[in-house]
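The values are calculated or read from the model by the stated rules, or taken from the named source; none is laboratory data. Source: prediction; values computed, not measured. A quick note on method: Cβ atoms are made from the backbone with ideal geometry, for glycine too, and the neighbour counts reach across all protein chains shown.
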Amino acid sequence: MNSLRELVEQAGGVGAVSKACGVSIRAVYKWIERGRLPRTEYTGETSHAEAIAGLSPSVVEASEIRNRFMPNKNTAWHSQHSPPPISA
C-alpha cells in the first residue's frame, strides 16, 4: 500500500469505499487527490479507517491506515483559519 488510491482499489474501489464510509463518491476522490483522510478521522468524528480496513482483503489495521494517511497539520490549520498577520 503505497498510496491512498491503491488502498481504495484494494478495498473494492471508490464506490465500495464511499458506501462503507457513508460518504459520496466525490468525497473519496477528494481524499485520493489530497492523499489523506479527512480531519474528522483524527478528531474521532468519523471511523472511515475502520470501514476501509474491513473492506480490504489484505490485513491492514485501521491504525495503520490513519497513521499513513494523516493530514498535514499546517494544511489543516490553513484550511480553517486566515493566515497570521505579517508583522512590520
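Values computed for the structure shown
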quantity: Enumeration of residues in segment 1-36 that are within 13 Å of residue 65 (Cβ to Cβ) and among the aliphatic types (A, V, I, L, M); calculated: 1, 4, 7, 8, 11, 17, 20
quantity: Residue satisfying all of: in segment 47-65; outside any helix (DSSP H, G or I) and at pLDDT 90 or above; nearest to residue 23 (Cα to Cα) among these; calculated: 47
quantity: Flag for residue 72 being within 17 Å of residue 5 (Cα to Cα) and either surrounded by fewer than 18 Cβ atoms within 10 Å (Cβ to Cβ) or in contact with a Pro (Cβ under 7 Å, 6 or more places away or on another chain) (or both); calculated: no
quantity: Long-range neighbours under 7 Å by Cβ, at least six apart or interchain, first residue more than 18 Å from residue 44 (Cβ to Cβ) within segment 58-73, second hydrophobic (A, V, I, L, M, F, W, C); calculated: 60/1; 60/53
quantity: Spans of helices (runs of 4 or more DSSP H) in segment 2-46 with at least 2 residues touching a Lys or Arg at 6+ places or on another chain (Cβ under 7 Å) and modelled with pLDDT under 95; calculated: none
quantity: Within segment 31-58, tally of residues that are of a type outside the set (Gly, Ala, Ser) and loosely packed, with under 13 Cβ neighbours inside 10 Å; calculated: 5
